[in-house]
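Chemist: Mind looking over this structure? Questions follow.
The values are calculated or read from the model by the stated rules, or taken from the named source; none is laboratory data. Remember, it's a predicted structure, so these values are computed and weren't measured experimentally. A quick note on method: Cβ atoms are made from the backbone with ideal geometry, for glycine too, and the neighbour counts reach across all protein chains shown.
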Amino acid sequence: MADIRATSSPGRIGPSSLGALAWFARARFFLLLASSVLAAFVLSAVFAPWLTPYGPVEQDMSSFMQPPLSGTHVLGTDSFGRDLLTRTIYGARYALTIGFGAVLVGACGGLIVGMAAGLSGGLVEWALMRFIDALLALPSLVMAIAFISILGQGLDKVVLAVGVALIGPFSRTVRADVLQVKAQAFVEAAGLMGIGRLAIVRRHILPNVIFPLAVQATIRISYAVLVSSGLSFLGIGVAPPTPDWGLMIAEGRSFVSFAPWIAGVPGTALAILLIALSVVGDGVRERFDPKLGRQ
Amino acid sequence: MKPMHLSDAPGKVSLPPFIEERDSQTLLAASPLLTVENLCLTRGESLILDHVSFSLRRGATLGLVGESGAGKSTIALALIGLLRPPEVGLGGSFALDGTGELADATDATWLGLRGRRVAMIFQDAAAALNPCFTIGRQIMTPLRRIMGLGRSAARERAIELLESVGLNDAPARLSAYPHQLSGGMQQRVMIAIALSSDPDLLLADEPTSALDVTIQAQIIRLILDETRRRRASCIFVLHDLALASQCCDEIVVLYGGQVVETGPSRVVLEAPMHPYTQALKGCVLELDTEALTPLPSGAPSFASKTPGCRFADRCPRALGKCAAVKPPLAETRGRKLACWNPL
Amino acid sequence: MLLFALGKVLQTLMVMMIVSVVSFTLLKLAPGDPIQIMLGEEYSPKAHESLVKELGLDRPLVEQYVHWIGNFATGNWGVSYVGKAPIFQYAFVEALPVTLTLAASALGLAILIGVPLGVLSATRKDTAWDAVSAVFTLTATAFPSFYLGLILIWVFGVKLGLFPTLGFVPPWKDLWGGLMHMTLPAVTLSTYFLAMIVRLTRANLIETLQQPYIAAARARGEPEWRVVWVHGLRNILMPLVTILGLQLGALLQGAVLTETVFSLPGVGQMITQAVLDREYAIVQAGVMLTACLFITTNLLVDLAYPYLDPRLRPR
């Protein structure tokens with residue numbers, strides 16, 4: 001029987017061979033490009049002290065607010081005379097550290113809450129569900145802001161705050177995965193065979209939940225980086241003079257009209273990292289999670 | 001209303017009364033409504049339809065029969081212009097009485113034909129009705145846009161149509177959504193919509209395959225009655241040979257996109273000449289069947305390079321040249337046949 | 001139907017309660033002694049004690065919570081230390097409309113431009129246009145909105161001088177001024193959603209257009225534009241609204257950042273400033289307000305489902 005899905009639509013421009021080629025090339029090419037960019041960021045973050053000509057907080061008021069490619073500073077200097085290339089490379093360190101750290105905190109917390117919600121039943125489950133709803137009732141940034149207000153500013157506190165803010169989304173995905181695994185026949189079979197509940201959890205459910213969680217975690221790193229830079233941009237993240245991109249963008253904001261590079265350099269770096277993370281995340285998701293196409 | 005022949009012993013391959021009745025009418029004198037000549041359809045590398053030819057008289061019913069994937073629905077979709085370049089390649093020609101060549105017709109031409117002179121009923125009525133719009137809206141839209149009726153006139157006409165297809169409580173049905181109706185009712189709605197513009201040609205793509213057996217007969221009867229009343233022609237796409245024998249004047253037997261045998265259904269089915277038609281007949285489960293003779297397994301190849309008859313590798317009567325040279329469709333003993341070694 | 005709505009409302013109330021408990025706990029956990037801050041220079045152990053009694057801070061926690069939630073529900077949100085103004089006035093009457101205007105304009109812009117672009121991408125699938133659109137979508141969803149805001153300020157505000165770059169003018173008082181001031185912020189905030197809507201519309205429309213009822217509509221002689229824009233779009237409303245509903249949090253979050261970039265006195269800026277000023281009562285009010293907003297809009301989205309997809313309506 002003919003496939004009704006393949007019927008023609010009037011006036012439709014057929015797929016051009018150029019377009020189709022562009023699609024395919026784009027997909028593979030972008031993924032490769034993004035991965036290389038990401039690798040470059042990671043490497044420069046790791047080897048920062050060896051790659052940078054100056055120190056990250058080294059001030060030199062004699063050459064302050066120099067535009068890029070003028071004199072000795074390749075990417076220019078900021079209002080304190082600090083070299084922007086150095087600060088940007090060190091910024092990668094902070095961005096990636098916070099990103100990974102926060103996702104780790106969020107994933108662990110989400111694992112616990114999600115498993116609890118997925119494995120329990122009745123009133124407990126309902127209450128936990130509402131608890132997760134409550135966690136999700138606040139956008140991550142706002143929740144992180146609220147936690148910062150208690151914890152105070154600083155690198156570790158940002159990691160913690162953003163991490164806790166991510167527990168909500170993670171616990172929701174974990175719970176959904178737990179429910180899905182629980183419904184599988186082999187879990188029921190294991191139960192019928194008399195294997196203890198804890199053992200079932202440990203041996204069957206947990207492994208099947210951890211893997212999608214890891215995939216989700218990879219995808220959310222860019223989100224964590226975004227939220228933490230946002231916090232720093234707002235002035236309530238890491239404290240100055242830390243070379244955090246968000247902070248640098250905020251510092252450069254006042255000089256946008258006559259020294260746009262002060263915010264421009266870290267901003268571009270942040271944008272590139274986020275895009276690269278996003279492309280890689282999409283690639284990871286397509287590869288490992290073809291069914292769940294949603295956030 | 002004539003006693004429903006279809007409701008007793010479904011599967012009995014015998015003469016339904018209305019075909020004899022119609023032979024006595026002057027249908028033979030009328031020029032054909034639809035002519036299809038050497039229609040070829042390619043999708044990528046595959047040749048889905050290979051030189052399909054048949055014609056259809058006004059007021060007659062034609063059955064396209066064959067296995068799944070033989071190309072029956074493809075023909076129907078092509079005849080209403082839903083399969084055209086650039087999705088597929090079309091060769092050969094087909095035309096309705098009064099239109100120009102349709103194989104390369106423009107969007108505008110098709111827009112003028114669809115829903116006016118040609119209409120189609122789909123197999124899965126539930127899937128063919130938009131779940132987000134009420135029945136009323138789906139019936140009235142063509143009435144208002146194509147027939148130009150005003151809102152209240154369209155509503156009245158819609159109620160008329162629903163009642164004529166056997167739906168009671170029509171005004172209530174108008175504000176219902178498709179998922180609120182049963183399968184049989186959904187199909188009736190589809191038929192009502194298809195017939196609303198009095199088309200010359202109705203294409204029915206396995207209209208009852210998704211329905212209960214008890215409803216099947218009613219729906220087929222409905223389609224036949226309505227098309228006959230409007231003097232329209234109807235093409236049924238069926239895989240059920242028994243059903244085809246009972247409701248179609250003419251029959252086209254397809255295998256692998258090739259026409260193997262075609263002619264008046266009585267002639268073809270009582271004394272099939274093509275091995276495939278014979279095999280199909282042998283597969284039909286009748287109430288007094290003693291043994292089934294299934295076809296040898298296999299599937300046709302749609303590679304455009306296959307030169308000969310596509311049934312050759314499954315045919316018990318295949319000759320050497322069958323796979324190499326395609327037999328032409330020739331007139332023999334009251335039907336057209338494409339076979340080197342007929343029965 | 002009514003039972004369904006009632007159930008949803010009850011669920012919502014429960015969630016609100018949990019949020020309020022969390023908020024209350026937040027305030028209690030905040031460092032610093034509010035009594036000291038409030039008394040300032042007039043501090044003395046006696047004054048401390050009497051203020052504690054006055055504020056009821058020596059009562060059991062549960063009682064304090066009940067008292068607080070009662071206050072909150074009646075609009076008594078306390079007074080700001082810094083501005084000495086009632087917080088309710090500050091948050092609800094002054095800041096909230098700003099945030100809502102920003103959010104609504106951004107969302108409106110994103111839908112108005114995004115849906116047609118998405119439809120075009122879907123109908124021109126696999127062409128060069130589609131590839132370009134895909135690149136744009138990818139970039140725009142990842143791009144940090146606060147940096148984008150700065151770029152827009154630099155290009156349109158500084159270099160081209162077309163739009164004002166900061167401040168809020170209420171459109172209901174001065175339409176033109178309001179629009180001019182809201183343009184850059186709305187464009188900044190809408191970018192992420194524009195990209196998301198284009199992506200969603202494209203994906204869902206492509207799938208919808210393959211459905212049998214679309215072919216049936218064409219077979220009935222519907223012109224292609226109607227098939228796509230009436231039949232197609234109507235059927236993607238449901239998945240679109242679902243996902244947009246899930247993304248509302250991102251809208252509020254983006255609003256917080258955008259407000260700071262463009263110095264709009266909205267809820268986001270209010271909360272940020274309060275953290276810096278250690279005005280925990282304002283932080284708390286802001287958190288509660290944001291949560292309420294989010295939960296209410298989610299509830300509305302949930303209640304809208306049966307209208308969007310007739311199959312969900314009770315028989």
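Chemist: Which ranges mark the helices (runs of 4 or more DSSP H) fully within segment A:111-202 that have 2 or more residues being closer than 30 Å to C:I271 by Cα?
Modeler: Qualifying helices (runs of 4 or more DSSP H): A:122-136, A:140-151, A:155-182.
Chemist: For segment C:1-66, please list each of the helices (runs of 4 or more DSSP H) lying entirely inside it that holds at least 2 residues being out of contact with any helix residue (DSSP H, G or I) (no Cβ under 8 Å at 6 or more places or on another chain) and modelled with pLDDT under 75.
Modeler: C:45-55
Chemist: Let me ask you something else. Any residue at all in segment A:90-102 that is closer than 25 Å to C:V19 by Cα, of a type outside the set (V, I, T) and within 28 Å of the chain's Cα centre (by Cα)?
Modeler: Taking every residue of segment A:90-102 in turn, at least one turns out to be closer than 25 Å to C:V19 by Cα, of a type outside the set (V, I, T) and within 28 Å of the chain's Cα centre (by Cα).
Chemist: Here's another thing I want to ask about it. So, in segment C:215-228, of the ones that are farther than 12 Å from B:Q138 by Cβ and in contact with a helix residue (DSSP H, G or I) (Cβ under 7 Å, 6 or more places away or on another chain), which residue ends up nearest to the other protein chains (Cβ to nearest Cβ)?
Modeler: Checked segment C:215-228; the qualifying residue nearest to the other protein chains (Cβ to nearest Cβ) is C:G221.
Chemist: Which residue is surrounded by the fewest Cβ atoms within 10 Å (Cβ to Cβ), if the candidates are limited to segment B:56-96 and must be in contact with a Lys or Arg (Cβ under 9 Å, 6 or more places away or on another chain) and farther than 30 Å from B:H274 by Cα?
Modeler: B:P86
Chemist: Could you tell me how many of the residues in segment A:19-72 are within 24 Å of the chain's Cα centre (by Cα) and at pLDDT below 75?
Modeler: Result for segment A:19-72: 2.
Chemist: Shifting gears a bit: Does C:L251 satisfy being away from chain B (no Cβ under 13 Å), over 17 Å from the mean Cα position of the chain (by Cα) and not charged (D, E, K, R)?
Modeler: Considered against the rule, which asks whether it is away from chain B (no Cβ under 13 Å), over 17 Å from the mean Cα position of the chain (by Cα) and not charged (D, E, K, R), C:L251 comes out as no.
Chemist: Taking only pairs six or more apart or across chains, which ones have beta-carbon atoms under 9 Å, a first residue in segment C:191-217 that is farther than 22 Å from B:I121 by Cα, and a second residue that is outside any helix (DSSP H, G or I) and among the charged types (D, E, K, R)?
Modeler: C:R202/C:K125; C:I206/C:K125
Chemist: With A:A263, A:A250, A:A269, A:A276 as the choices, which residue is small (G, A, S) and at the interface with chain C (Cβ under 7 Å from one of its Cβ atoms)?
Modeler: A:A263
Chemist: Of the residues A:A95, A:A116, A:A127, A:A134, which single one is hydrophobic (A, V, I, L, M, F, W, C), over 30 Å from A:W261 (Cα atoms) and in contact (Cβ under 8 Å) with a residue 12 or more places away in the chain?
Modeler: A:A116
Chemist: Suppose we filter segment B:170-194 for residues that are in contact with an Asp or Glu (Cβ under 8 Å, 6 or more places away or on another chain) and modelled with pLDDT of 90 or more; how many remain?
Modeler: 1
Chemist: Okay, moving on. Pull up segment B:119-131, narrow it to residues that are surrounded by 22 or more Cβ atoms within 10 Å (Cβ to Cβ) and either more than 8 Å from every other protein chain (Cβ to nearest Cβ) or free of Cβ contacts under 8 Å to residues at least 60 places away in the same chain (or both), then point me to the one that is farthest from the chain's Cα centre (by Cα).
Modeler: B:N130
Chemist: A further question on this structure: Has segment B:176-191 got any residue that is in contact with a helix residue (DSSP H, G or I) (Cβ under 8 Å, 6 or more places away or on another chain), small (G, A, S), surrounded by fewer than 18 Cβ atoms within 10 Å (Cβ to Cβ) and within 11 Å of another protein chain (Cβ to nearest Cβ)?
Modeler: Checking segment B:176-191: at least one residue is in contact with a helix residue (DSSP H, G or I) (Cβ under 8 Å, 6 or more places away or on another chain), small (G, A, S), surrounded by fewer than 18 Cβ atoms within 10 Å (Cβ to Cβ) and within 11 Å of another protein chain (Cβ to nearest Cβ).
Chemist: Would you confirm whether any residue within segment A:257-275 is aromatic (F, W, Y), assigned to a helix (DSSP H, G or I) and surrounded by fewer than 18 Cβ atoms within 10 Å (Cβ to Cβ)?
Modeler: no
Chemist: Residue check: is A:L166 within 23 Å of A:G109 (Cβ to Cβ), of a type in the set (A, V, I, L, M) and either in contact (Cβ under 8 Å) with a residue 24 or more places away in the chain or surrounded by 12 or more Cβ atoms within 10 Å (Cβ to Cβ) (or both)?
Modeler: yes
Chemist: Please name all residue pairs, on different chains or six or more residues apart, with Cβ atoms under 9 Å, provided the first residue is in segment A:225-241 and is farther than 23 Å from C:G266 by Cα and more than 7 Å from chain C (Cβ to nearest Cβ) and the second residue is of a type in the set (V, I, T) and part of a helix (DSSP H, G or I).
Modeler: Pairs that qualify, where the first residue is farther than 23 Å from C:G266 by Cα and more than 7 Å from chain C (Cβ to nearest Cβ) and the partner is of a type in the set (V, I, T) and part of a helix (DSSP H, G or I), are A:V225/A:I98; A:V238/A:I98; A:V238/A:V158.
Chemist: A further question follows. Quick test for you: out of A:P207, A:P290, A:P212, pick the one residue that is surrounded by fewer than 15 Cβ atoms within 10 Å (Cβ to Cβ), under 26 Å from C:T242 (Cα atoms) and either at pLDDT below 90 or away from chain C (no Cβ under 13 Å) (or both).
Modeler: Only one candidate qualifies: A:P290.
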